[in-house]
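Notes for the one structure printed next.
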Amino acid sequence: GENVEQHPSTLSVQEGDSAVIKCTYSDSASNYFPWYKQELGKRPQLIIDIRSNVGEKKDQRIAVTLNKTAKHFSLHITETQPEDSAVYFCAASIRAAGNKLTFGGGTRVLVKP
Amino acid sequence: EPEVTQTPSHQVTQMGQEVILRCVPISNHLYFYWYRQILGQKVEFLVSFYNNEISEKSEIFDDQFSVERPDGSNFTLKIRSTKLEDSAMYFCASSIVSPSGANVLTFGAGSRLTVL
């Protein structure tokens, strides 16, 4: 089955700096890669996703890149703010109805003011 | 914005007791899931459910676990005889296929299960 690895496990950045989180996946059939943000004690919430026919997607201060050949994808957060502090999870799935997500181990991001 | 709702938010139980966690998925969603998250660890897939039957289950989802959609709105996870290692946050999720074909999951707020 699919295995998703995520690095780093913790990331501390100064407010205003950029944060980059990287994930690799093992199943070449995976073609849908969402990113979830989980604030302390709350539910994971989708922040951005990318499909395998797209190399990059951007939404305001967050962007995701995908290298299908190397089987890795990354989340980039620019101009970080204290409210970006959370745990971020990458996930992989085969883009089809009802297919499960396989999550990475999570990255705890701390933005220092 | 439609939400997935879960009850209870927190349940404390004795080892060996049965527990039922309840979920109300988003009304027009067709696919339902249970995930769990042991404190400080990754979110792990347990089971997916579609058209009143299990679509897929993980190795975690053994004979102690069962799921049911008893009526048109609820989706339940039952643990027959809880073990200490069942202590975790259990997330229900539901999904619908977006116009782009992506299977976008929406998670509930979770039910924290503590087994003593």
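The values are calculated or read from the model by the stated rules, or taken from the named source; none is laboratory data. Only a predicted model underlies this, so the values are computations on that prediction, with no experimental measurement involved. Glycine gets a Cβ as well: all are built from the backbone with ideal geometry, and neighbour counts include every protein chain shown.
Conditions (1) within 22 Å of B:Phe91 (Cβ to Cβ); (2) touching a Phe, Trp or Tyr at 6+ places or on another chain (Cβ under 8 Å), marked per residue:
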position: A:Ile21; (1), (2): yes, yes
position: A:Tyr32; (1), (2): yes, no
position: A:Trp35; (1), (2): yes, yes
position: A:Asp49; (1), (2): yes, yes
position: A:Pro82; (1), (2): no, no
position: A:Ala91; (1), (2): yes, yes
position: A:Gly104; (1), (2): yes, yes
When you scan the range A:76-102, how many residues do you find that are farther than 12 Å from A:Tyr32 by Cα, within 13 Å of the chain's Cα centre (by Cα) and either of a type in the set (A, V, I, L, M, F, W, C) or within 14 Å of chain B (Cβ to nearest Cβ) (or both)? 5
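What do you reckon, is A:Gln14 out of contact with any Asp or Glu (no Cβ under 8 Å at 6 or more places or on another chain), surrounded by fewer than 20 Cβ atoms within 10 Å (Cβ to Cβ), without any contact (Cβ under 8 Å) to a residue 12 or more places away in the chain and polar (S, T, N, Q)?
Details: out of contact with any Asp or Glu (no Cβ under 8 Å at 6 or more places or on another chain): yes; surrounded by fewer than 20 Cβ atoms within 10 Å (Cβ to Cβ): yes; without any contact (Cβ under 8 Å) to a residue 12 or more places away in the chain: no; polar (S, T, N, Q): yes.
Judged against the criteria, A:Gln14 is not a match.
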Got a number for residues in the range A:56-103 being surrounded by fewer than 14 Cβ atoms within 10 Å (Cβ to Cβ) and assigned to a strand (DSSP E or B)? 4
What do you reckon, is A:Ala86 of a type in the set (A, V, I, L, M, F, W, C) and in contact with a strand residue (DSSP E or B) (Cβ under 7 Å, 6 or more places away or on another chain)? yes
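Can you find, within the range B:1-50, the residue that is surrounded by the most Cβ atoms within 10 Å (Cβ to Cβ) among those that are hydrophobic (A, V, I, L, M, F, W, C) and not in a strand (DSSP E or B)? Even if it seems obvious, please write down each step before you answer.
Looking only at the range B:1-50, we keep the residues that are hydrophobic (A, V, I, L, M, F, W, C), and these are B:4, B:12, B:15, B:19-21, B:23-24, B:26, B:30, B:32, B:34, B:38-39, B:43, B:45-47, B:49.
So of that shortlist, the ones also not in a strand (DSSP E or B) come out as B:4, B:15, B:26, B:30, B:38-39.
Values: B:Val4: 24, B:Met15: 13, B:Ile26: 18, B:Leu30: 15, B:Ile38: 13, B:Leu39: 8.
Per the criteria, the residue is B:Val4.
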Let me spell it out: the conditions are (1) more than 24 Å from A:Val87 (Cβ to Cβ); (2) at pLDDT below 95, and B:Glu1 meets all of them except one. Which number is the exception? (1)
In the range B:72-113, which residue that is of a type in the set (S, T, N, Q) and within 14 Å of chain A (Cβ to nearest Cβ) is farthest from the chain's Cα centre (by Cα)? B:Ser100
Residues of the range A:39-55 being among the aliphatic types (A, V, I, L, M), assigned to a loop (DSSP other than H, G, I, E, B) and under 17 Å from A:Tyr25 (Cα atoms), which ones? A:Val54
Criterion: at pLDDT below 95 and either closer than 14 Å to B:Tyr33 by Cα or of a type outside the set (A, V, I, L, M, F, W, C) (or both) - qualifying residue of B:Ser66, B:Ser48, B:Ser87: B:Ser48
A:Gly106 being surrounded by 15 or more Cβ atoms within 10 Å (Cβ to Cβ), small (Gly, Ala, Ser) and touching a residue at least 60 places away in the same chain (Cβ under 8 Å): yes
